[in-house]
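Visitor: Have a look at the structure that comes next, please.
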Amino acid sequence: MSKNIVILNGSPRKKGNTSALVTAFTEGAESAGNTVTEFFLQGMDIHGCLGCFGGRSRQTCPCVQKDDMSRIYPAVREADVIILASPLYYWTISGPLKNALDRLFALEEGEGNLLRGNGKSSALLMAAEGYGFEDTVLYYDHLMEHLRWKNLGHVLAGGNMNAGDIQGKAEIQQARTLGASIH
């Protein structure tokens, strides 16, 4: 059975190393018959969470703020799998991805929790210059516990200083294989 996959790509570069992982993952997922929708967050107008607890989960746009999250909310609601993709910035995910994740909280507020549980799964794709992924993996694993999503794992590609450095590395195939394993 094909899955509906949403990728939240927090990379600032459309042709960077994180995006190369996203491309490989997408190729694998689509080869397995899945539908993939990618949101390139850097090119979207997404404001930071206000922490206002004003979300209304059942509304088309559950957040009080009106910005490009209105495109992401319905996709996440319908998704079976949500992929989080980011470069490693100061031992964690990028700002654009963190903003989008914080704003997804509106789907947990109001008339019913439409984010937590619901049979969703997730995986983490990351590229970095270094190899200090431990804090991000800890955060991601805790997030999966909170959301009650099945953790499909991580593809963590260190040692990539410049755009394109990841080409030919094992992590590209790992991302492709991860995408193809989703049925």
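Visitor: Under 20 °C and 1.002 mPa s, how fast does the stretch 66-119 diffuse according to Stokes-Einstein, given a Kirkwood radius computed over C-alpha pairs? Answer in µm²/s, whole number.
Guide: 173 µm²/s
Visitor: Name the residue, out of THR26, THR18, THR136, whose mean-square fluctuation peaks in a Gaussian network model built on the chain with Cα pairs under 10 Å.
Guide: Its mean-square fluctuation being the largest, the pick is THR136.
Visitor: Another one. Only sites in a loop by DSSP and with at most 14 other Cβ atoms within 10 Å count here; which trypsin sites (Lys or Arg not before Pro) in the stretch 78-167 make the cut?
Guide: On the way: sites: LYS98, ARG103, ARG116, LYS120, ARG148, LYS150; in loops: ARG116, LYS120, ARG148.
Passing sites in the stretch 78-167 are ARG116, ARG148.
Visitor: Longest span of the chain, sites excluded, free of GluC sites (Glu not before Pro) in DSSP loop with at most 15 other C-beta atoms within 10 Å?
Guide: With a cap of 15 other Cβ atoms within 10 Å, the longest stretch comes to 1-110.
Visitor: I'd like to check one number: the per residue accessible area of the stretch 1-115, probe 1.4 Å, reported in Å² as a whole number. Spell out each step's value before the answer.
Guide: Numbers: 5090 Å² over 115 residues.
Here the per-residue accessible area is 44 Å².
Visitor: Kyte-Doolittle cut-off -0.5, length cut-off 18 Å along the helix's own axis using Cα: show which whole DSSP H helices in the chain pass. Mind dumping the intermediate values first?
Guide: Numbers: long enough: 17-31 (21 Å, 0.11); 134-147 (20 Å, -0.44).
Span-like helices, by this rule, are 17-31, 134-147.
Visitor: For the stretch 30-78, which chymotrypsin sites (Phe, Trp or Tyr not before Pro) pass both filters: DSSP loop (anything but H, G, I, E, B) and at most 13 other C-beta atoms within 10 Å?
Guide: PHE53
Visitor: Taking the Cα centre as origin and putting +1 on Lys and Arg beta-carbons and -1 on Asp and Glu beta-carbons, what dipole magnitude results for the stretch 48-162, to the nearest 20 debye?
Guide: Dipole magnitude for the stretch 48-162 comes out near 380 debye.
Visitor: With the full set of protein chains in place, find how many percent of the accessible area of the chain is carbon and sulfur; take the probe as 1.4 Å.
Guide: Exposed carbon and sulfur together represent 51 percent of the surface.
Visitor: Separate question: Report the Rg/Rh value for the chain, based on alpha-carbon coordinates and the Kirkwood definition of Rh.
Guide: On the way: Rg = 15.6 Å, Rh = 16.4 Å.
For the chain, the value is 0.95.
Visitor: Could I ask something else about it? How much accessible area per residue does the stretch 131-183 have, counting only protein heavy atoms and a probe of 1.4 Å, in square angstrom?
Guide: Ligands and nucleic acids excluded, the result is 56 Å² per residue.
Visitor: Something else: Please figure out what share of the DSSP beta bridges in the chain is antiparallel and state it in percent, rounded to the nearest 5.
Guide: 5 percent
Visitor: At 20 °C and 1.002 mPa s, what whole-number value in µm²/s does Stokes-Einstein give for the translational diffusion of the stretch 1-62, with Rh from the Kirkwood sum over Cα pairs?
Guide: Here the translational diffusion coefficient equals 155 µm²/s.
The values are calculated or read from the model by the stated rules, or taken from the named source; none is laboratory data. Everything quoted here is computed from the prediction, not taken from an experiment. With ideal geometry, Cβ positions are generated from the backbone for all residues, glycine too; neighbour counts draw on all protein chains shown. All accessible areas refer to the heavy atoms of the entire protein, side chains included, with ligands and DNA or RNA removed. Shrake-Rupley method; radii C 1.70, N 1.55, O 1.52, S 1.80 Å.
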